[in-house]
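Visitor: This structure is in structure tokens; I'll ask about it shortly.
The values are calculated or read from the model by the stated rules, or taken from the named source; none is laboratory data. This one's a predicted model, so the numbers in the text were calculated from it and none came from an experiment. Cβ atoms come from the backbone with ideal geometry, glycine included; neighbour counts cover every protein chain shown. Only protein heavy atoms, including side chains, enter the accessible area calculation; ligands, DNA and RNA are left aside. Shrake-Rupley method; radii C 1.70, N 1.55, O 1.52, S 1.80 Å.
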Amino acid sequence: MLRFPGGLYRGSMELRPPDPPLSDRIVSLRPWTLDDVPAIAAACDDVEIARWIHALPSPYRVSDAREYVVSTESAWKDGLGVFFAVVDCASGDVAGSIALQVLDRELANVEVGYWTAAPARGRGLTTRALRLLSDWALREAGAQRVQLRADVLNTASLRVAEKAGYTREGTLRASGFNARQGRRVDYAVFSLVAGDAT
Ligand SMILES: CC(C)(COP(=O)(O)OP(=O)(O)OC[C@H]1O[C@@H](n2cnc3c(N)ncnc32)[C@H](O)[C@@H]1OP(=O)(O)O)[C@@H](O)C(=O)NCCC(=O)NCCS
């Protein structure tokens, strides 16, 4: 670790699996396994996910889910991303997905992304998962900044960010392109930084 006048500089951050696994007893986060493929395929073949996460295939097939799980396994090994199933502790079912990807290893900047299966929405599970993962990233994993971008039209996602305590910094106007909708996307940018953690 290097020291700079402004504080600690983490050097080359690597994300490793939390031990013990993250849980608030309502949701728990664990790495994906191939057993989750049917649940991922069922959840991601969904209009809202297709609308807001335009990089995902639509229709979404079992083979897409399998490819995703395999890709997360290799990203975990590289230390450049952590990809979790969000499990509803009451039922044991997969409720959704949450992931962090390293944006800048030297600066320890990471970005978070998520989706939640339609039947599990509206119960606060995504907000819980986001709080758990952000807290771990900043307190345990060495991240200095967790960034979250959401389409300014994606009201539910904007609300999740606010509820999880993120600060809205501004808008990256026309910074994305939603090929499915044929429009450029304004992204609201939020962050949680190490100094915000309570
Ligand atoms: C965004 C998403 C993950 C939210 O999941 P969720 O589990 O329902 O989230 P939570 O229950 O924690 O919170 C949702 C909040 O948004 C609000 N909300 C949901 N839909 C809304 C809408 N259309 N307009 C206004 N608010 C809305 C809910 O009321 C709730 O806020 P509240 O607690 O103040 O009432 C889910 O809708 C989803 O998977 N969408 C498709 C994929 C996606 O958009 N991913 C994010 C990409 S940035």
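Visitor: Suppose accessible area is computed on protein heavy atoms with a 1.4 Å probe; arrange TRP32, TRP52 from highest to lowest. Present the calculation step by step, with values, prior to reporting the outcome.
Guide: Working: TRP32 10, TRP52 65 Å².
Output order, biggest surface exposure first: TRP52, TRP32.
Visitor: How much FRET efficiency would the formula 1/(1 + (r/R0)^6) give for LEU107 and ARG168, where r is the Cβ-Cβ distance and R0 is 22 Å, rounded to 0.05?
Guide: Details: r = 21 Å, r/R0 = 0.94.
Efficiency, rounded to the nearest 0.05: 0.60.
Visitor: Treat every Asp and Glu Cβ in the chain as -1 and every Lys and Arg Cβ as +1, leave all other atoms uncharged, and give the resulting dipole magnitude about the Cα centre to the nearest 20 debye.
Guide: The dipole magnitude comes to about 500 debye.
Visitor: So, one more: Each residue of the range 140-156 in order: what ³J(HN,Hα) in whole Hz does its phi give by Karplus 6.51 cos²θ - 1.76 cosθ + 1.60, θ = phi - 60°, with x for Gly and Pro?
Guide: Karplus values, whole Hz, x for Gly and Pro: 10, 8, x, 5, 9, 8, 10, 9, 9, 10, 9, 3, 4, 8, 8, 4, 5.
Visitor: In whole percent, how big is the carbon plus sulfur part of the accessible area of the range 18-193, probe 1.4 Å, protein atoms only?
Guide: Carbon and sulfur atoms account for 51 percent of the accessible area of the range 18-193.
Visitor: Now for a separate question. Points 7 angstrom from Cα along the Cβ direction at ARG16 and ASP196: gap in nanometres?
Guide: Distance between label points: 2.7 nm.
Visitor: All other residues with a Cβ under 11 Å from the Cβ of CYS44 taken together, and with Lys, Arg as +1 and Asp, Glu as -1, what is their net charge?
Guide: Numbers: positive: ARG61; negative: ASP45, ASP46, GLU48, ASP64.
With Lys, Arg at +1 and Asp, Glu at -1, the neighbours total -3.
Visitor: In whole Hz, with x marking every Gly and Pro, tabulate ³J(HN,Hα) for the range 43-50 from phi via Karplus 6.51 cos²θ - 1.76 cosθ + 1.60, θ = phi - 60°.
Guide: Running phi through 6.51 cos²θ - 1.76 cosθ + 1.60 with θ = phi - 60° gives 5, 7, 8, 8, 5, 5, 5, 4 Hz.
Visitor: Right, another one. Can you tell me, using C-alpha contacts under 8 Å and at least 6 residues apart, the relative contact order of the range 61-131 as a whole percent?
Guide: Answer for the range 61-131 is 21 percent.
Visitor: Right, next: Using the scaling law 2.2 N^0.38 Å as the reference, what is the normalised Cα Rg of the range 70-192?
Guide: The range 70-192 yields a ratio of 1.07.
Visitor: Related question: Using modelled amide H (1.01 Å from N, peptide plane; none on Pro or chain starts), what sits under 5 Å from the amide H of LEU103, excluding residues fewer than 5 places away?
Guide: So LEU103 has HN proximity to ASN109, VAL110, GLU111.
Visitor: Moving to a separate point now. Hey, what do the phi angles of the range 114-125 turn into as Karplus ³J(HN,Hα) couplings, whole Hz, using 6.51/-1.76/1.60 and θ = phi - 60°, x for Gly and Pro?
Guide: Using θ = phi - 60°, the values come out as 7, 9, 9, 4, 3, x, 9, 6, x, 10, x, 5 Hz.
Visitor: Could you please state, rounded to a whole Å, how far the C-alpha centre of the range 46-72 is from the C-alpha centre of the range 92-165?
Guide: Computed from Cα coordinates, the inter-centre distance equals 18 Å.
Visitor: Under a Cβ-Cβ cut-off of 9 Å, what is the net charge of the residues other than ALA85 that fall near it, where Lys and Arg count +1 and Asp and Glu count -1?
Guide: Summing Lys/Arg as +1 and Asp/Glu as -1 gives 0.
Visitor: Right, something else. Tell me the mean residue ellipticity at 222 nm calculated for the chain from its helices only (DSSP H runs of n ≥ 4, each -39500 (n - 2.57), averaged over every residue, nearest 500). Display every interim value, and only then the final one.
Guide: Details: 5 runs with 55 residues, N = 198.
Calculated mean residue ellipticity at 222 nm is -8500 deg cm²/dmol.
Visitor: While we're on this one: Rolling a 1.4 angstrom probe over the protein heavy atoms, how many square angstrom per residue are accessible across the chain?
Guide: For the chain, the per-residue accessible area is 53 Å².
Visitor: Among PRO21, LEU103, LEU80, flag the residue with its Cα farthest along the positive direction of the charge dipole of the range 18-193, charges on Cβ as +1 for Lys/Arg and -1 for Asp/Glu.
Guide: LEU103
Visitor: From Cα pairs below 8 angstrom and at least 6 apart in sequence, can you work out the relative contact order of the range 57-198, rounded to a whole percent? Before the final figure, lay out the partial values.
Guide: Numbers: 210 pairs, mean separation 23.0, N = 142.
Relative contact order of the range 57-198: 16 percent.
Visitor: Quick one: which of 126-138, 59-71 comes out on top by average Cβ neighbours within 10 Å, and what's the full order, highest first?
Guide: Taking the mean over residues of other Cβ atoms within 10 Å, the ranking is 126-138, 59-71.
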